[in-house]
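One structure is given here, and the rest of the page talks about it.
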Amino acid sequence: MTTGWSAGVDEAGRGPLAGPVVAATVILDPDCPIEGLADSKALTSSARQALAPIIRERSIAWGVGLASPEEIDAINILQATLIAMRRAVAALTVRPVHLEVDGNRLPSIEGLVGVRTAVTIVKGDSKVAAISAASILAKTVRDHIMEQLDTRYPEYGFAVHKGYPVKAHLAALDAHGPSPVHRRTYAPVRSRLR
């Protein structure tokens, strides 16, 4: 039996047309349980915003990693997501021996110091507290990035839709063409390149 810390890993932002994909990893402290952890998509924005600092404060360790729109375009969203997950794990100040990763694809653990094993858990963000915590961190960090990008590119409405392909975003793409932070390999963006 392997002893040591287990970390939950999840991502946010595979579907949007703009901005990075963000991954987070969390090692929860079993002596400091956090009430209200759930899949970030099942929580309101205000609940996520309230939980994120508690997760940072009470966890044994947490890390965030991202992959840029340029990386997404170069290697595809799946590979970029797996790289963001590796970066999140590498950012941990405490080394886990085991990873529990939301979904059905594992990032490579080769070269990640201390990590011996990793498993995928489909819908893990609603089943495993550490993955729920990671999903909340990933989502809140990504939302904050999109709000910052909104100040640079206000014509797209990133603060409202966070880069997802809603009607207002598609209309802004029609009017202005893609910004430097749009993912050019995504069909709705590619079709609007000038």
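Read-outs throughout are calculated quantities, based only on the coordinates presented, and are distinct from any laboratory measurement. Since this is a predicted model, take the numbers as computed values, not measurements. Note: ideal-geometry Cβ built from the backbone for every residue, glycine included; neighbour counts use all protein chains shown.
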Exercise. If we scan the stretch 91-102, do we find a residue that is charged (D, E, K, R) and surrounded by fewer than 14 Cβ atoms within 10 Å (Cβ to Cβ)?
Worked result: no
Problem set entry | Members of the stretch 75-105 found to be over 15 Å from Trp62 (Cβ atoms) and small (Gly, Ala, Ser), listed by number | Ala80, Gly103
Exercise. Looking at this structure, is Leu170 under 16 Å from Lys41 (Cα atoms), of a type in the set (A, V, I, L, M) and either free of Cβ contacts under 8 Å to residues at least 12 places away in the same chain or assigned to a helix (DSSP H, G or I) (or both)?
Worked result: no
For this session: Quick one: in the stretch 166-183, of everything that is within 15 Å of Arg194 (Cα to Cα) and of a type in the set (D, E, K, R), which residue is nearest to the chain's Cα centre (by Cα)?
Result: Arg183
For this session: Could you give me the residue pairs with C-beta distances under 8 Å whose first residue belongs to the stretch 122-151 and is free of Cβ contacts under 8 Å to residues at least 24 places away in the same chain, whose second residue is of a type in the set (Ser, Thr, Tyr) wherever it lies, and which are 6+ apart or on separate chains?
Result: Asp150/Tyr156
For this session: Return the residue satisfying two criteria in turn: it lies in the stretch 112-139 and is in contact with a Leu (Cβ under 8 Å, 6 or more places away or on another chain) and surrounded by 24 or more Cβ atoms within 10 Å (Cβ to Cβ), and of such residues it is nearest to Ser46 (Cα to Cα).
Result: Ile136
Exercise. Looking at (1) without any contact (Cβ under 8 Å) to a residue 60 or more places away in the chain; (2) under 19 Å from Glu70 (Cβ atoms); (3) out of contact with any Lys or Arg (no Cβ under 6 Å at 6 or more places or on another chain); (4) not aromatic (Phe, Trp, Tyr), which is the one condition that is false for Gly177?
Worked result: (3)
Exercise. What tally of residues in the stretch 20-61 results from selecting those that are in contact (Cβ under 8 Å) with a residue 60 or more places away in the chain, touching a Lys or Arg at 6+ places or on another chain (Cβ under 7 Å) and either on the phi > 0 side of the Ramachandran plot or of a type in the set (D, E, K, R) (or both)?
Worked result: 1
